[in-house]
1. Limited to the range B:453-483, what total is found for residues that are within 11 Å of another protein chain (Cβ to nearest Cβ) and among the acidic types (Asp, Glu)?
2. Residue check: is residue A:181 touching a Leu at 6+ places or on another chain (Cβ under 8 Å), without any contact (Cβ under 8 Å) to a residue 24 or more places away in the chain and either small (Gly, Ala, Ser) or closer than 24 Å to residue A:100 by Cβ (or both)?
3. Test residue A:99 against the stated conditions and say whether it is under 16 Å from residue A:263 (Cβ atoms), among the aliphatic types (A, V, I, L, M) and within 25 Å of the chain's Cα centre (by Cα).
4. Confirm whether residue B:256 is out of contact with any Ser or Thr (no Cβ under 6 Å at 6 or more places or on another chain), among the small types (Gly, Ala, Ser) and without any contact (Cβ under 8 Å) to a residue 24 or more places away in the chain.
5. Identify, please: which residue in the range A:78-103 is at pLDDT 85 or above and polar (S, T, N, Q) and is, among those, farthest from residue A:193 (Cα to Cα)?
6. If you go through the range B:229-252 one residue at a time, do you hit one that is more than 14 Å from chain A (Cβ to nearest Cβ), without any contact (Cβ under 8 Å) to a residue 60 or more places away in the chain, not small (Gly, Ala, Ser) and not in a helix (DSSP H, G or I)?
7. For residue B:86, work out the one condition from (1) modelled with pLDDT under 95; (2) under 28 Å from residue B:548 (Cα atoms); (3) surrounded by fewer than 23 Cβ atoms within 10 Å (Cβ to Cβ); (4) within 14 Å of chain A (Cβ to nearest Cβ) it doesn't fulfil.
8. Starting from the range A:1-24, keep only residues that are within 19 Å of residue A:69 (Cβ to Cβ), then list their pairs with residues that are in a helix (DSSP H, G or I) and among the hydroxyl-bearing types (Ser, Thr, Tyr) whose Cβ atoms are within a distance under 6 Å, requiring at least 6 positions of separation or different chains.
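The values are calculated or read from the model by the stated rules, or taken from the named source; none is laboratory data. Please read all numbers here as calculations on a predicted model, not as lab measurements. A quick note on method: Cβ atoms are made from the backbone with ideal geometry, for glycine too, and the neighbour counts reach across all protein chains shown.
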Amino acid sequence: MSGYWARRTGSALLVLGLVLVLNFVLFRMMPGDPVASIIDPNFSPEAKARLSEVYGLDQPLPVQFLLYVRSTLTFDFGISFLTGRPVIDELKSRLPNTVMLLGTSLVLSSLLGTWLGMKAALKRGSLLEKCVLWSGALSFSFPSFFVQLVLLMAFAAALPLFPLRGTLSVPPPAGGLPLLLDYLWHMALPVFSLVLLGFGGWALYVRNLMVKILGEDFILLARARGLPERNIILGHAFRTLLPPLLTIFLLSLPGVVSGAVITETVFSLHGVGRFLLEAVTGHDYPAAGASFFLLAFLTVSCNLLSDLLYGLTDPRVRMERGGRR
Amino acid sequence: MKKSLFALFLSAAILAFCSSPRETAAGTFDPEAFAGPKVKDLYLVIIRDPDAQLLALNRGRADILGDLYRPVDVDALSKSPAVELSIAPGFHGFFLGFNVRTFPWNSVDLRRSAWQVLPRERMVRDLFAGYAEPLSTFLPPVSPYFEPDVTVYPHDPEAARKRLADAGWTWGSDGVLISPDGEKIPPQKLICPTASTAPTTAEIAVRMAEALSAIGIPVEAEPMDFSTMISKLDERDFQMYVLAWQMTRDPDSLYAFYSSKMDIRGGYNMSGISDPELDKVLDRLRFAPDEAAARAAASEAQKLLSDLVPVVPVYSRYTISAVSKQWKGTLVTDRVTADNIWSLLAMEPASGPMRPLYLVQADEPRALNPFTSSSAYDWQILGLIYDSLIAVDPYTLETIPWLAESWTLKTEEGPSGPRTVLTFRLREGVEWHDGTPLTAADAAFTYETLRKNAVPRYFDNVDNIETVETPDDHTLRVTMKNVSFWHLHRVGGIPILPRHVIEKVTDWRSWLPASEKHPSDTGLTGLVGTGPFVFREYRPGEYVRLSGNERFWLGRKR
């Protein structure tokens, strides 16, 4: 078992190393000039050359690469070309909002989706199942900006129950608890919108998987053995459902950092999604490099974690590994 | 129907307004009438999504919304009884450029004909619903240096065909033009930003390609990432392009874009126009000793350019802003919309007690470093904190006194030829936000620091400074290396920074004054200016809070 862990960890580290190299090469091979995208149109060519020097873009590529590796490994991602502030500070100020927004909505939509999906699978042909199928399909297929704008217009403009923008009131309330409540009030509508957009995928997936599981021999056998229905659902069916769900959940986690561009724009939230987009389109090497490394790190570690957890949740995987030893 | 009627009415109103003689407003502007700021707290609220900005204005969560660029928003706001719209022709200019270094665009007849086949009026009407005007010159009509009397090429494809035929061009059996030397025009790519970045620009490029193809120039639009496009322009690796510029009140963009000296890698003469006569005129413009000479050279340059057609001017977008009617005191002229410094100085609630003023900031400020910041979002804030020696009259766009109460512009003989000497008399009693008096040493130190470090943002401003002297605390003498009327604008327009703060900055590139604490005043940061507003706080993603400067020299005159 420990050999498997070591092999998986080793290959994860190798992937991260490759990401470092690719990250460096890709951004520098991308067409376009970073200086061109950050300068004032009235700058003289001399000023442009100087700017290039300021950002170290005149150094030979190998030197740039060594500087890049050193800075990444020490989490010193340098100064963002676009904002002029340290990249790590930018990430620190944005990450909490994005994690709060997408993390909460991922947990809520997966819980709601799983619950509805299971209910629908258990009550096949019922009105509930039809509702889950329809609402799931709708939730899955609406464009996010449309749903979010409609929500914003309905619940923030027409019925002013929620704020229109940002994570805090302007000016913010004084004191710790009022500030926290104000923050939660601001996050409620964006989180709700993402739950609304996200639960459908989960519900449809869980329903389909559950229907398949409920038709399997071991469930029929359990029923034949006269086990109570609750035990069959939770002990047998849900247990079988858990590993793939866990994998999907863990593999969705890196998206928590990257996937919020539209939501952050519509609700004017200060998050990582938009920063990442601007970094890439604006040739902001330090910021884009740091964001991609963060994403790769999250993807690789979530992948590793899901593999390891699969072993813990699925007895068949455990036996297979046991056999290898 | 209603929409287009409204747009037509607005356009007509603007044109009527613009065509009224400039003299009516000249001389009537009195900065003393704007002794302020009256508001105590100014919040620049960061709202990125244009729909959310509109909702915020309608819900009373924002008071000022600047630079509305979607016609549909303007239409929506024009129906709102709670909002007042202001509109002004700005310095925006959108151009179709050619690479004139090679065939086929090295033919001036072809370039003139290309101008003539573009349905500019129709494109502007269709795409901007009246909130832009077709441009026929190389400076926008709002510019004090605009020359109306130039050759024009109104939309007339038949006349364009005739011009080409007269010049010896013929059409092949496939309808493609063949030059008098027998060379057929190869397929042309018109590079433009992608529709997701700039939807109207991408659409205009497609329409231009259609119009040009119709007279036998095989053109296809090629959308690409904006920085890739700029890179191609820098490398001169293109045939045709479309690009918009935000120009300034000075016509120096004419030199930057059309002098052969600027046709170097990264230079702005992308089209590659090189004409000895034009070069001479542009040199005269750049080094004009006085306003009259500058005006004459600018006029001559525009006339020459309309004959040479290195680019085709297409349209100029109007600046439109909206202000809540809960406030009064805004200043609107035929040159500026309500979201200007004069409004911010004079605005107060239309009724009831004073309350904070909320201005929409469409994106995050970046470094808030007066040395390096070049984004408009940074300068929306920094421009309220720092002052320059001179200001601009919002009616005439002429230079008016600001931190300098007067100045002289003299030409004297130096060791290497004639040079301009600027002598500024600084206003007495001006204080920095922390109470330190402003002296000529602050201005001198600012210029010296910018020059010594060759700070890119100010490179063009200080490059020609020879020496800076301070004969006394309120006199500043700047000797330039050469002669130019524009030296006053370039030097006088630099924001003056406090010596007592700047001299402690060890690395101007990574200086983040907004996150530094002021050594003695707990309410202040490293952003210390003389301007009407004091920086208090920046909450990333949320807002920037400024407060009215009670020490502001103009405000104290109340």
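1. Count: 2.
2. When the stated conditions are applied, residue A:181 does not pass them.
3. yes
4. In short, yes.
5. A:93
6. No, the conditions are met nowhere in the range B:229-252.
7. (4)
8. A:24/A:68
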